[in-house]
1. Can you give the net charge of the other residues whose Cβ lies under 9 Å from the Cβ of Arg121, counting K and R as +1 and D and E as -1?
2. Considering every pair of different Cα atoms, what Kirkwood radius, in Å, is found for the range 222-296?
3. Please calculate how many Å² of accessible area the range 13-75 carries per residue, with a 1.4 Å probe and no DNA, RNA or ligand atoms counted.
4. Check each of the chymotrypsin sites (Phe, Trp or Tyr not before Pro) in the range 136-219 and keep only those in coil by DSSP with at most 14 other C-beta atoms within 10 angstrom; list them in order.
5. Roughly what angle does helix 147-159 make with the longest principal axis of the chain, taking Cα atoms, 0 to 90 degrees, to the nearest 10?
6. Would you mind computing Rg(Cα) / (2.2 N^0.38 Å) for the range 165-264, counting N as its residues?
7. How large a share of the accessible area of the chain, in percent, is made up of carbon and sulfur atoms when the probe is 1.4 Å and the other protein chains stay in place?
8. Counting only helical runs of four or more DSSP H residues, what would the 222 nm mean residue ellipticity of the chain come to if each run contributes -39,500 (n - 2.57) and the total is spread over all its residues?
Amino acid sequence: MGATDPRRSIPSVDRLLERPWCRDLIAAHGQSWITGRLRAVLDEMRAGRRQVPDTDEGFAASVRTEVAHASSPSLRRVVNATGVVLHTNLGRAPLAAEARRAMAAAAGYGNVEFDLRTGERGSRYHHCVELVRELTGAEDAVVVNNNAGAVALALTAFAAGRGVAVSHGELVEIGGGFRIPEVVEAAGARLVTVGTTNRTRRADYRRATERGDVAAILKVHRSNFSMSGFTEEAELAELVELGAAHGVPVIHDLGSGLLVDSAALGLPYEPTPAESIAAGVDLVAFSGDKLLGGAQAGVLAGTAAGVARAKSHPLCRALRSDKVTLAGLEATLSLYRDPERARERIPALRMIGTAGRRLERRADAVLAAVGRRGAGLRRALRAEVVAADSLVGGGAFPDARIPTAAISLGAGERAEEWLARLRAHDPPVIARRRRGRLLLDLRTIAPEEDAVVAAALASLAASVP
């Protein structure tokens, strides 16, 4: 280290701890933690990985930056401008205001396992059940952590150590690389594939059940891909009739959990849990955080005997939902008592059903707001409003394209840089890239976030040379 090396001027930790700005940080975060952050900053300066400031204000700025970064939560709110409504990487369904209030209220003490009428211990499995019964026609239900958990619980309770009949064409892969064969295996059951990839008939299931090595029939809704052409599949009612004749329960992995008519959202047909129950399945499993629009959960609904068997299995406790999730799911389900109100109040349904013309007007207003922040800002971004397509996402309606309006930015070769700058905004704005341009889809941006997007775009434009 030479005589002119700026690292010679680095003060000691003890000296910096006496600075007024450091005492303010200690008051906010505690001395032990701030001391650790100070040491980390000074160590990086001594190692040459961080510039040594010339002034005390410079040291203060470096430490404050380190503290802000280290104290920032890993889970942050973002603005979803991707146009994918149920974006798995961004938390799938945003929650209705009613669900958020209910979850906040449940964060304290609550009667999660306490019977207010008798003053004795109650059961967490009681919550949400009446609403599920009302909305689906099921005799009973149980809420667990997610849909994969619901399916695993059903298979474990009914088929551990025995066979589960599944069509070759329904051996799907769900999010995160998890596959139906692996879920069956994890449940301690043995996969018995029937039929072929494109054609599976009732007779294929019948042959498997007649061999006596099948303890359950699992029908999986292909929600995240479609098949066309020379195809055939057994109807749910056929499988229920077959299962009843051979004493084999039928479990329907429905996945998305839509509780309203998809036609009212302008989408193709999508089966509902109520239809599965009406067909007579023993159990139907569906998600709470996809098309249902609530908190992450899995619902297992069906016959009283089927649900009782699932609830009595030890795995049910390992998969149970917490009080905050139950509160959010209950509040969301309550909105479905009035389907029109549900479409208005549940953000995912509202986003899907919003008319393109309304989105176009909002996009124009956002760009106008950017222009008011400074002459030439909109021009610097080469911004315009364009027609595009939104996606439902969440493994649902894979072929559906929803016409939308998006703000298009002419990023060219700087597209990745611009995407990064938008992600660095507070809160981060997550856009998508298409052929050298960036698209910010208004469908998945909440109206109250328009001002945030305008500020992020203005900041981006100001950084463009």
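The values are calculated or read from the model by the stated rules, or taken from the named source; none is laboratory data. Just so it is clear, the model here is predicted, and its values are computed rather than measured. Glycine gets a Cβ as well: all are built from the backbone with ideal geometry, and neighbour counts include every protein chain shown. Protein only, heavy atoms only, side chains kept; ligands, DNA and RNA dropped before computing areas. Shrake-Rupley method; radii C 1.70, N 1.55, O 1.52, S 1.80 Å.
1. That works out to -3.
2. Every distinct Cα pair counted, the radius reaches 13.7 Å.
3. Using a 1.4 Å probe on heavy atoms only, each residue of the range 13-75 averages 63 Å².
4. Loop-located and lightly packed - Phe178.
5. Result, in degrees: 30.
6. Working it through for the range 165-264, the quotient is 1.09.
7. Here carbon and sulfur together make up 49 percent of the probe-accessible area.
8. The helix-only estimate for the chain comes to -12500 deg cm²/dmol at 222 nm.
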